[in-house]
Amino acid sequence: MKISIIGGGGRVGSCAAFALQCGGIVSEIQLIDANQAMAEGEALDLLHGAAFAADQRIYAGDYERAADSDLFLITAGLRRQPDESRLDLINRNVALFVQILESIKQAGMRRDAIVFVVSNPVDILTQLAGQRLGLPWEQVIGLGTMLDSTRFSSLIADALKVAPTQVKALTLGEHGDSMVPIWSSASINGLPLTEYPGCSPAFQSQIFARTRASGAEVIKRKGGAGYAVGIAIRDVIHAIALDQQRVLPVSSLVQGSYGIKDVCFSVPTVVGRRGVQEQVAMKLWPKEQAGLQQSARSLKETMIKVQL
C-alpha cells in the first residue's frame, strides 16, 4: 500500500510516518509538504533507519507522484493555540485545506483511493473533503476520537495502576469539547470498568476532564501532539491495509446511527480495505446517546458558519 502524507514535514505527519515505518506494513511512504526541504529532511532521516526497520520506499515527493496513492493522509494545518478550541481553527484552516483538496484532484487521484483527514477541526474538514472530492462517503475518513480514546484508556490505566493494553474505553462524537465518554462499554480485560475498585463517579469525572483537556495540556508543555497521534493514525491505516474489519472510533458521514444524520463525527465504525465498512449503533446509556445528539447539533451549527 502506498501512503502519501500531506504535511509530512510537520510534527504530526512525521510522527505518523515514523509509526508506519516501525509498523512495517505499508510498502511506500511519500512525504509532501509546503516546506520541501523539511519534507526531504524527514524522509532522509527515516531512510537512514530503514535497514533496522522495514523494507519500504520512503521519500519526499509531490502531488504528481502521489496520483497512484492508495491512501492520502492529510495532516497539514495551522497549529492550535493552548486556549483555542479545535473549532476555532476552522476558518483559519479551511482555505489551506481546500487548496490541498484541489491539488489532490488535479493530480488525478485514483477513484478507489481513501482520504484520511487528521487536520483540525477534523470532523468539519472530513465533511468538507467528502463534499469537495466527490468520493463515496465510505472512502473519506477522519481520525475523529481515535486519539481521544487512546488518551482516555491510557489515563484510566495509569490512574488505576493496571496494564494499559487491557483497558478499552471509548470517546465518541466530536473530536473536541463536546466529545462523549462511553463508560457503559468501558472494560478492563473484558470486565466492566465501572465496577472496578476505585472507578467511582468522582474518578470518572476527573479522568474525563483531563482527557478532554489533554490536547491543550500537550500543546502548553511541548508545543503540540506527535507520538500518540502517530500511533492512532498507524492503527487506522493498518486496519485499512490489512482489511482487519476493526471497530474503531473514526469520523465519517453518519447515516442514521443514534438518530443522527448528515454530520461527520465518531461512532463505532468497522474499518477495512474499502474504508468504512459499516457504522454500528451499539446500545448506550441514555445520557451517552443524548450527549452524541448534542455533539452532532454543535457540529452542524458550526458547519453552517464555515467560510468557503
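Tell me, which residue of the stretch 256-265 that is farther than 15 Å from Ser119 by Cα and surrounded by 14 or more Cβ atoms within 10 Å (Cβ to Cβ) is modelled with the lowest pLDDT? Don't jump to the end; show me each part of the working.
Applying the first criterion (farther than 15 Å from Ser119 by Cα) to the stretch 256-265 yields 256-263.
When the remaining residues are screened for being surrounded by 14 or more Cβ atoms within 10 Å (Cβ to Cβ), the result is 257-258, 260, 263.
On the way: Ser257: 88, Tyr258: 91, Ile260: 93, Val263: 95.
Filtering the stretch 256-265 for residues that are farther than 15 Å from Ser119 by Cα and surrounded by 14 or more Cβ atoms within 10 Å (Cβ to Cβ), the one modelled with the lowest pLDDT comes out as Ser257.
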Can you tell me how many residues in the stretch 257-282 are touching an Asp or Glu at 6+ places or on another chain (Cβ under 9 Å) and of a type in the set (Lys, Arg)?
2
Of (1) within 17 Å of the chain's Cα centre (by Cα); (2) surrounded by 19 or more Cβ atoms within 10 Å (Cβ to Cβ); (3) over 22 Å from Ser4 (Cβ atoms), Val247 satisfies all except one. Which?
(2)
Among Ser149, Ser154, Ser184, which is the only one that is more than 19 Å from the chain's Cα centre (by Cα), modelled with pLDDT of 95 or more and either assigned by TED's automatic domain parsing to the domain that holds Arg65 or of a type outside the set (Val, Ile, Thr) (or both)?
Ser184
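Give me a count of the residues in the stretch 265-308 that are part of a helix (DSSP H, G or I) and under 16 Å from Gly173 (Cα atoms).
Here is the first cut: in the stretch 265-308, the residues part of a helix (DSSP H, G or I) are 286-304.
Still in the running and under 16 Å from Gly173 (Cα atoms): 286-303.
Total meeting the criteria: 18.
Only one residue in Asp148, Asp158, Asp123, Asp112 is acidic (Asp, Glu) and free of Cβ contacts under 8 Å to residues at least 24 places away in the same chain. Which one? Walk me through how you get there before you give the answer.
Details: Asp148 fails: free of Cβ contacts under 8 Å to residues at least 24 places away in the same chain; Asp123 fails: free of Cβ contacts under 8 Å to residues at least 24 places away in the same chain; Asp112 fails: free of Cβ contacts under 8 Å to residues at least 24 places away in the same chain.
Matching residue, one of Asp148, Asp158, Asp123, Asp112: Asp158.
Condition check ((1) closer than 23 Å to Cys15 by Cα; (2) touching a strand residue (DSSP E or B) at 6+ places or on another chain (Cβ under 6 Å); (3) buried (at least 17 other Cβ atoms within 10 Å of the Cβ); (4) aromatic (Phe, Trp, Tyr)) across all residues:
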site	(1), (2), (3), (4)
Ile207	no, no, yes, no
Ile219	yes, no, yes, no
Gly224	yes, no, no, no
Ile233	yes, no, yes, no
Trp285	no, yes, no, yes
Output the qualifying pairs, or none if there are none: Cβ atoms under 8 angstrom, residues six or more apart or on different chains, first residue in the stretch 266-286 and closer than 19 Å to Arg297 by Cβ and in contact (Cβ under 8 Å) with a residue 12 or more places away in the chain, second residue among the charged types (D, E, K, R) and part of a loop (DSSP other than H, G, I, E, B).
Ser266/Glu174
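This table checks each residue for (1) over 17 Å from Val306 (Cα atoms); (2) of a type outside the set (A, V, I, L, M); (3) surrounded by fewer than 24 Cβ atoms within 10 Å (Cβ to Cβ).
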residue	(1), (2), (3)
Arg132	no, yes, yes
Pro136	yes, yes, yes
Met146	yes, no, no
Ala169	yes, no, no
Glu174	no, yes, no
Would you please list the contacts, defined by Cβ atoms under 6 Å and residues six or more apart or on different chains, that run from a residue in the stretch 49-60 that is within 11 Å of Leu31 (Cβ to Cβ) and assigned by TED's automatic domain parsing to the domain that holds Ile32 to a residue that is among the aliphatic types (A, V, I, L, M) and surrounded by 13 or more Cβ atoms within 10 Å (Cβ to Cβ)?
Ile58/Ile29; Ile58/Ala43; Ile58/Leu46; Ile58/Leu47; Tyr59/Ala43; Ala60/Leu31; Ala60/Ala39; Ala60/Ala43
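The values are calculated or read from the model by the stated rules, or taken from the named source; none is laboratory data. All of these numbers come straight from a predicted model, not from anything done at the bench. Cβ coordinates were reconstructed from backbone atoms using ideal geometry, including for glycine residues, and neighbour counts include every protein chain displayed.
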